[in-house]
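Before any comments, here is the structure.
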Amino acid sequence: MVWLKRSIIFLTILIVGLLAIGLVLPSDYHVERQVVIQAKPGDIYPSVVDLKAWPKWGVWFKRDPNMQVTYSGPDRAIGMASSWVSETQGSGEMEITDLKYNRKVTYRLYFPDFDMSSTGEVTLEDVEEGTLVTWSDAGDMGLNPVNRYMALMIDGMIGPDFEMGLENLKTVVENQQ
């Protein structure tokens, strides 16, 4: 009976300690990956600004070919939006919020299942070898200490998907030339 009491006390202290640590962890995160594509920004931009083109290079679409995607708003402009439902990749919404022609696409992501949103960006920069494409996503996990632990791991969770997506984009664009 003593070991049970000690075990309960130990588990309580452990849980309280983990929650306390979670409260002091940073709540914000930033994920960023880059690739150089041997093409001009004007050759890459159409594949990024048109959300209907993302299934050609986006990792999540390739993982679930049965993903149900709908589009709304003006094509290739601020306000263009997509929403998707997927049993394996989750459901979400994406809306273009800012554009700089042939240079940058900024979007807002929202995942209703987790009540989580973030801001993403794809930028195109001329470099000697072609175009440096940078894909980033940033958000705030809020006050929930469990979510703050997630913020520590999110780069490892979605960073590889960004890398693979950028490699797919590179393949799509370079094969069009």
What is the count of Lys pairs in the chain whose alpha carbons sit under 27 Å apart, if the two are 8 or more places apart or on different chains? 17
Once both label points are put 7 Å beyond Cα along the C-beta direction, the ASP98-GLN176 separation in nm becomes 2.4 nm
For LEU124, what is the net charge nearby, where nearby means another residue's Cβ is under 15 Å from its Cβ and Lys, Arg count +1, Asp, Glu -1? -3
For region 143-154, in residue order, the Karplus 3J(HN,Hα) values (coefficients 6.51, -1.76, 1.60; θ = phi - 60°; whole Hz; Gly and Pro = x) are 8, 4, x, 5, 4, 5, 5, 4, 4, 5, 9, 5
May I have the pair-distance distribution P(r) for the chain, computed from all Cα-Cα distances with 10 Å bins from 0 and rounded to whole percent? 9, 32, 31, 15, 8, 4, 2, 0
Treating only Lys and Arg (+1) and Asp and Glu (-1) as charged, each at its beta carbon, one finds that the chain has a dipole about its Cα centre, in Debye to the nearest 20, of 520 debye
List the relative contact order of region 97-140 as a percent without decimals, with contacts defined as Cα pairs under 8 Å and 6+ residues apart. 30 percent
Centre separation in Å (Cα based) which lies between region 30-84 and region 105-177: 11 Å
Under the 0.36 nm per residue contour assumption, what length would be gained going from the current alpha-carbon distance of GLN38 and ILE8 to full extension? 4.8 nm
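Here, each number is a calculation from the coordinates, and none is a lab measurement. All values reported here derive from a predicted model rather than from experimental measurement. Cβ coordinates were reconstructed from backbone atoms using ideal geometry, including for glycine residues, and neighbour counts include every protein chain displayed.
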